[in-house]
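Structure record follows, encoded as structure tokens.
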Amino acid sequence: MASPEKQTIQRVLLVDDDDAVLEVMRLLLESNGFEVVAVGGVTEALKRIATETFQVLITDLHMPNAGDGFTVISAM
């Protein structure tokens, strides 16, 4: 009998300036087996992208301050 393949946990970078959205999305994703790094803005997202690896990016497109979701997408 063939051995089952090792399942890789997908790492998700979740970016949103709304804390309630971050919490609900984080709980939903984690309950479905994802490892989630949730950050509240573009600056923190860019720092994480520079030092960590993610398979999935979920981002708000319209955020105040240092850029927007498109900045995060371009960096990813």
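Since every read-out is calculated from the coordinates, none of them should be taken as a lab result. Predicted model, so just to flag it, every value in this text is computed and none were measured. Ideal geometry is used to build each Cβ from the backbone, glycine not excepted, and the neighbour counts take in all protein chains shown.
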Across 10 Å bins beginning at 0, the whole-percent shares of Cα-Cα pair distances in the chain come to 19, 49, 21, 7, 3, 0
Using just the helices of the chain, give the 222 nm mean residue ellipticity in deg cm²/dmol: DSSP H runs with n ≥ 4 each add -39,500 (n - 2.57), and the total is spread over all residues, rounded to 500. -11500 deg cm²/dmol
Towards the positive end of the charge dipole of the chain, with charges on Cβ (+1 Lys, Arg; -1 Asp, Glu), say which of Leu27, Gln7, Ala38 has the farthest Cα. Gln7
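Place the peptides 51-60, 10-19 in order of packing, highest mean first, counting for every residue the other Cβ atoms within 10 Å and averaging per peptide.
Values: 51-60: 13.8, 10-19: 17.9.
The densest-packed peptide leads the list: 10-19, 51-60.
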